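Enquirer: Have a look at this one.
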């Protein structure tokens, strides 16, 4: 049996942009994507700490070192620039392996950069 477990998480980053007239997705600084073990086009769940919204989208690489967290398309309506969000993804693993699984979790600073 396989179960779905948390694979990766970026804990508490600040939204820097919201672009309504875009196809959709979340643009994430490539440094953060690499550190969190996200790949481009990966499905992610986003939780808005400020308003409680919870939604799914997919990742797009942002400029490395920019600190960019930009919600695009309809997801832009779920956030305001300056909101704090948590971004995480899940993966399927064998039930026995799930007991040993350790997700990748990163904690960027208040400027969306790694310390």
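Where a number appears in this text, it was derived from the coordinates with a stated rule and is not lab data. Given the structure is predicted, the values throughout are model-derived calculations rather than measurements. Here the Cβ positions follow ideal geometry from the backbone for every residue, glycine too, while neighbour counts run over all protein chains shown.
Enquirer: So is residue 45 in a strand (DSSP E or B), in contact with a strand residue (DSSP E or B) (Cβ under 8 Å, 6 or more places away or on another chain) and over 30 Å from residue 97 (Cα atoms) or not?
Expert: It is false that residue 45 is in a strand (DSSP E or B), in contact with a strand residue (DSSP E or B) (Cβ under 8 Å, 6 or more places away or on another chain) and over 30 Å from residue 97 (Cα atoms).
Enquirer: Here's a follow-up. Out of the residues in region 93-115 meeting the condition of being surrounded by 11 or more Cβ atoms within 10 Å (Cβ to Cβ) and over 18 Å from the mean Cα position of the chain (by Cα), tell me which one is nearest to residue 64 (Cα to Cα).
Expert: 101
Enquirer: Take residue 40 and tell me if it is part of a strand (DSSP E or B), exposed (fewer than 15 other Cβ atoms within 10 Å of the Cβ) and touching a strand residue (DSSP E or B) at 6+ places or on another chain (Cβ under 7 Å).
Expert: Values: part of a strand (DSSP E or B): no; exposed (fewer than 15 other Cβ atoms within 10 Å of the Cβ): yes; touching a strand residue (DSSP E or B) at 6+ places or on another chain (Cβ under 7 Å): yes.
Criteria not met by residue 40.
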